[in-house]
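Okay, so here's the structure we're looking at.
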Amino acid sequence: MRRKIAAGNWKMNLTETEARELTSAISDKKIPNDVTVILGCPAPYLSLTQALTKSNKNIHISAQNAHQESKGAYTGEISHNMLSSIGVDHVIIGHSERREYFNESNNLLKKKVEVLIENGFQVIFCCGEPLKVRKSKKHKAYVEKQLKESLFHLSSTQLKNVIIAYEPIWAIGTGVTASPAQAQDMHKYIRSLIRKNYTQKTASELSILYGGSVKPANAKELFGKQDVDGGLVGGASLNAESFNKIIRSF
Ligand code: PGA
């Protein structure tokens with residue numbers, strides 16, 4: 001059985017008060033037993049949101065990035081050691097915004113994934129193609145390269161700690177969502193790659209999330225697809241009412 005996951009990615013949004021209110025509004029409502037909620041918080045609020053959700057077993061707090069080194073002279077960066085020390089055990093890696101604005105390459109992401117898995121983290125690994133690639137119908141090869149170069153060096157035991165998020169760049173923050181059929185088609189392909197590189201069992205147990213303009217209005221249909229195990233939600237995760245609806249869309 002694969003985990004059903006509703007993950008929020010707050011990106012660089014919210015004040016501390018807003019983060020507190022949003023977290024409480026999510027954790028105060030009973031979350032369905034079979035749903036895992038992950039909140040991707042900005043670094044300054046990790047301890048706060050961690051404390052607010054401590055007693056709620058269905059909610060995990062995630063960082064949005066971590067450096068590949070454990071410590072050192074890297075001004076402004078956050079290490080996995082720091083995250084462990086405050087009890088955070090999930091990290092989003094390879095979001096398209098990190099790839100684009102902070103030049104994170106497949107090779108760098110490989111190092112990040114490796115170090116995090118070795119240190120006991122769950123990694124939400126993002127992949128997805130830009131519009132130009134989708135239009136040229138090379139999106140599957142593009143995503144395959146991202147997975148091959150950053151993930152497939154892991155052992156099958158290590159891969160158990162990875163959640164894949166397929167996020168077509170043309171659908172992120174644009175209001176344009178991949179159709180449920182487009183999402184399913186790519187998710188099925190990703191799962192087939194895992195089967196090919198690992199085993200049927202590994203492939204059938206790994207959760208693959210869809211990201212890109214997920215909203216209460218489309219979540220049910222997307223999550224209803226066979227290989228879509230939930231969502232990584234940006235904009236709609238900043239509002240308690242809409243994220244709570246998405247959590248209940250399985
Ligand atoms: P969006 O963002 O839901 O606002 O499109 C998704 C993401 O970037 O993870």
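The values are calculated or read from the model by the stated rules, or taken from the named source; none is laboratory data. Keep in mind that what you see is a predicted model, and the values were worked out from it rather than measured. As a convention, Cβ positions derive from the backbone with ideal geometry for all residues, glycine included, and neighbour counts pool all protein chains shown. Remember, those area values only see protein heavy atoms, side chains included, never the ligands or the DNA or RNA. Shrake-Rupley method; radii C 1.70, N 1.55, O 1.52, S 1.80 Å.
Assorted remarks:
- Computed from the Cβ-Cβ distance with R0 of 35 Å, the FRET efficiency linking residue 86 to residue 137 stands at 0.20.
- Placing R0 at 35 angstrom, the Cβ-Cβ distance between residue 185 and residue 73 gives a FRET efficiency of 0.20 after rounding to 0.05.
- Helix-derived mean residue ellipticity, 222 nm - over the chain, DSSP H n ≥ 4, -39500 (n - 2.57), to 500: -12000 deg cm²/dmol
- More than 18 Å apart - percent of Cα-Cα pairs taken over region 58-174: 51
- A 1.4 Å probe, protein heavy atoms only, puts the accessible area of residue 85 near 90 Å².
- Expressed as a whole percent, the accessible area of the chain that falls on carbon and sulfur atoms is 51 (1.4 Å probe).
- Region 1-37-region 140-199 distance, computed between alpha-carbon centres (Å): 23
- For the chain, the share of DSSP beta bridges that are antiparallel, to the nearest 5, is 0%.
- Taking every protein chain into account, the accessible area of the chain amounts to 46 square angstrom per residue (probe 1.4 Å).
- Each Lys and Arg contributes +1 and each Asp and Glu -1, all at the Cβ; summed about the Cα centre of the chain, the dipole is approximately 880 debye.
- Per-q log10 I(q)/I(0), region 4-247, q = 0.12 Å⁻¹ (Debye; single scatterer per alpha-carbon; no solvent): -0.63
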